[in-house]
Each structure stands twice: as structure tokens, then as C-alpha cells.
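> Could you have a look at this structure, given as C-alpha cells, before my questions?
The values are calculated or read from the model by the stated rules, or taken from the named source; none is laboratory data. These numbers come from a predicted model, not from an experiment. Quick reminder, even Gly has a Cβ in these numbers, built from the backbone with ideal geometry, and neighbours come from all protein chains shown. Calculation scope for accessible area: heavy atoms of the full protein, side chains included, ligands and nucleic acids excluded. Shrake-Rupley method; radii C 1.70, N 1.55, O 1.52, S 1.80 Å.
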Amino acid sequence: MSGPHYRRLGADGEAQRFESTDYTRSNWDPEIQHGSPPLALMTKLIEELAGDAPMRIGRVSMDILGAIPVAPVRVRAWVQRPGSRITLLAAEMVASGPGGSERAVARASAWLLATSDTADVAADRFPPLTEGDADPVPHSWEGATGYLEVVSWRRQRELDNGSAVVWMSPLAHLVDTEDMTPMQRLALVVDCANGAGAALDPAAFVFMNTDTAMHLHRVPVGNDFALRACGSIGPDGIGATTAEIFDRQGFIGTCAQTLFVQRRTLSI
């Protein structure tokens with residue numbers, strides 16, 4: 001694949017400006033962005049702000065505040081709660097609204113915790129996953145352009161513990177040709193948990209997530225990640241997706257999403 005999700009446009013005060021490319025386009029609506037690129041971009045700025053501090057991200061969460069347009073965006077990161085052992089960093093993405101005025105479209109927060117040697121007591125809740133044969137139809141949005149063009153999506157043929165398992169790899173750079181950290185590569189696919197664990201047919205229902213929260217007890221490794229995901233739908237139009245996250249070495253954490261659910265016959 002050629003081209004990134006975003007192209008850097010330069011600084012704007014304390015913020016950085018980026019051009020959103022076609023590879024950010026959502027499978028729900030090509031005029032808005034999929035949740036994974038904004039999450040990854042805000043994670044990148046949070047990591048850059050943290051620098052070489054002896055801390056790492058234990059949790060990163062994103063709230064989607066409205067439709068994120070495929071358009072230029074401004075992103076800034078700041079220290080929300082300083083600390084020598086526990087620090088809360090935050091980031092915000094701003095874009096122009098329909099009337100031209102700027103508005104916040106997404107916010108992220110990340111807890112960074114000081115690291116120490118606990119290798120002698122390390123324990124995983126689940127055993128590692130091994131990738132098997134992939135389903136020939138990777139997902140229910142087959143043929144969708146945009147973001148799904150630059151993700152290798154390998155849905156496994158068999159369910160695991162009653163949940164769907166999908167192995168994913170990002171195929172495009174996040175920003176220009178800049179190097180990506182494993183955390184940024186994971187952020188580029190983790191918002192797909194909703195689709196991986198879909199409990200409904202997207203031809204009949206819209207089930208868009210309003211947030212993504214990821215908790216990691218271990219630093220992700222590599223470029224291949226598995227989501228073992230399952231969605232639940234309530235009786236009043238609200239759902240939830242939860243997933244376990246794996247890399248090639250084993251279980252690394254969990255993620256959860258809140259779902260807005262409506263039938264396709266209704267306007268959203």
C-alpha cells in the first residue's frame with residue numbers, strides 16, 4: 001500500500017496539523033473517519049509528549065465526540081495530572097464543523113505508570129493464540145474502501161470460547177513515512193473490535209462505537225495482533241463490545257466499547 005493515514009502539515013501553536021487521507025475513511029460512512037486512525041494519532045502525540053520518561057502506557061481510552069470528517073485536523077497533547085510514578089496525559093483532535101467553526105471531535109487520555117521489575121511474578125490470564133486458517137470472507141464490509149483497504153483482516157474459521165477471533169495487521173504508515181511504535185500499530189487496529197465481534201448484520205443495523213478503552217498489562221510486540229471479541233446488544237438500542245488482545249507472544253490486555261445501535265430504516 002502507498003501513502004499514510006495522515007500527512008503532517010506543521011505546527012499550529014501548541015497543536016500539530018494533519019491532512020486526513022482516504023485511508024482514514026470509515027466503513028460506515030466514507031465522509032467520516034474510522035475510529036482507529038484518530039486513536040493511533042492521539043496515542044502518537046501522547047507518546048511523543050512522554051518522551052523517554054521511565055514510564056509506559058497502562059491504559060489509553062478515546063471518546064468520539066462527533067463525526068470526525070476526512071479533512072484537516074489539529075491535534076494537541078498535554079499533561080493532565082503530573083507525577084513521578086503515575087501520570088495522566090491527554091490529547092484532543094479538533095476539526096471544522098459544518099458551519100466552518102472548529103470543534104473537538106475526539107479526546108484521548110492515557111495513564112502512564114513507572115516501570116519496575118516484576119518478571120518473577122508475571123502472569124497472563126489466557127494462553128497465547130495461534131493463527132489458523134482464515135475465513136475467505138474477512139468481514140461483513142467486503143468491498144468497502146478507505147480504512148479497511150490498509151488493514152490485513154484474517155478472521156479465523158472457528159470461534160474461540162464463543163467469541164470471534166480476528167488477526168489484524170496495519171498495512172500503511174500512520175503519519176507520512178514516520179516510524180510507528182508497537183503501541184501506535186496496535187491502536188491502528190484495536191478500534192476494530194466492534195466489527196470483529198459484531199452481533200448484528202451491518203446491512204440491517206448500524207452499531208457504531210462511541211468510545212474505545214484499552215488496558216495493557218504488557219507492552220505490545222510486533223505488527224500482528226489478534227482480537228477475541230464479542231458484542232452484546234441490549235433491548236433499548238445500546239450495546240457493548242469487549243475483547244481480549246493478543247500479539248504473537250501471547251495475551252497483552254483487553255478493550256471495551258460502548259455501541260450506539262439503530263435499525264437501518266431509521267435516520268441517525
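> How many residues are of a type in the set (Lys, Arg) and either without any contact (Cβ under 8 Å) to a residue 24 or more places away in the chain or assigned to a loop (DSSP other than H, G, I, E, B) (or both) if we restrict to the range 152-176?
Going through the range 152-176 one residue at a time, the tally reaches 2.
> With respect to Pro38, determine if the residue is open to solvent by less than 20 Å² (accessible area, probe 1.4 Å) and closer than 30 Å to Phe260 by Cα.
Yes.
> Okay, moving on. Scan the range 70-78 and tell me whether some residue there is more than 24 Å from Leu259 (Cβ to Cβ) and not in a strand (DSSP E or B).
Checking the range 70-78: at least one residue is more than 24 Å from Leu259 (Cβ to Cβ) and not in a strand (DSSP E or B).
> With (1) modelled with pLDDT under 95; (2) outside any loop (DSSP other than H, G, I, E, B) as the list, and Thr212 as the residue in question, which single condition is left unmet?
All conditions are met except number (1).
> Give all pairs with beta carbons closer than 8 Å in which a residue from the range 177-206 that is within 15 Å of Glu48 (Cβ to Cβ) and part of a loop (DSSP other than H, G, I, E, B) meets a residue that is open to solvent by 20 Å² or more (accessible area, probe 1.4 Å) and of a type in the set (Asp, Glu); count only pairs at least 6 apart in sequence or on separate chains.
From the range 177-206, the pairs are Thr181/Glu47.
> Give the residue, chosen from Ile68, Ile46, that is without any contact (Cβ under 8 Å) to a residue 60 or more places away in the chain, closer than 20 Å to Leu9 by Cβ, of a type outside the set (Lys, Arg) and open to solvent by less than 50 Å² (accessible area, probe 1.4 Å).
The conditions single out Ile68.
> Looking at (1) in a loop (DSSP other than H, G, I, E, B); (2) at pLDDT 95 or above; (3) under 26 Å from Glu92 (Cα atoms), can you tell me which one Ala240 breaks?
Exception for Ala240: condition (1).
> Here is a follow-up. Does the range 118-138 contain at least one residue that is open to solvent by 20 Å² or more (accessible area, probe 1.4 Å) and within 26 Å of Val70 (Cβ to Cβ)?
yes
> If you scan the range 11-31, which residues turn out to be open to solvent by 30 Å² or more (accessible area, probe 1.4 Å) and either out of contact with any helix residue (DSSP H, G or I) (no Cβ under 9 Å at 6 or more places or on another chain) or within 12 Å of Ala95 (Cβ to Cβ) (or both)?
Residues satisfying the conditions are Ala11, Asp12, Gly13, Glu14, Arg17, Glu19, Trp28, Asp29, Glu31.
> Could you tell me which of the residues Arg74, Arg56, Arg85 is free of Cβ contacts under 8 Å to residues at least 60 places away in the same chain and open to solvent by 50 Å² or more (accessible area, probe 1.4 Å)?
Testing whether each residue is free of Cβ contacts under 8 Å to residues at least 60 places away in the same chain and open to solvent by 50 Å² or more (accessible area, probe 1.4 Å) leaves just Arg85.
> Then there is this: Leu200 versus (1) surrounded by fewer than 19 Cβ atoms within 10 Å (Cβ to Cβ); (2) over 26 Å from Gly143 (Cα atoms): which is the lone unmet condition?
(2)
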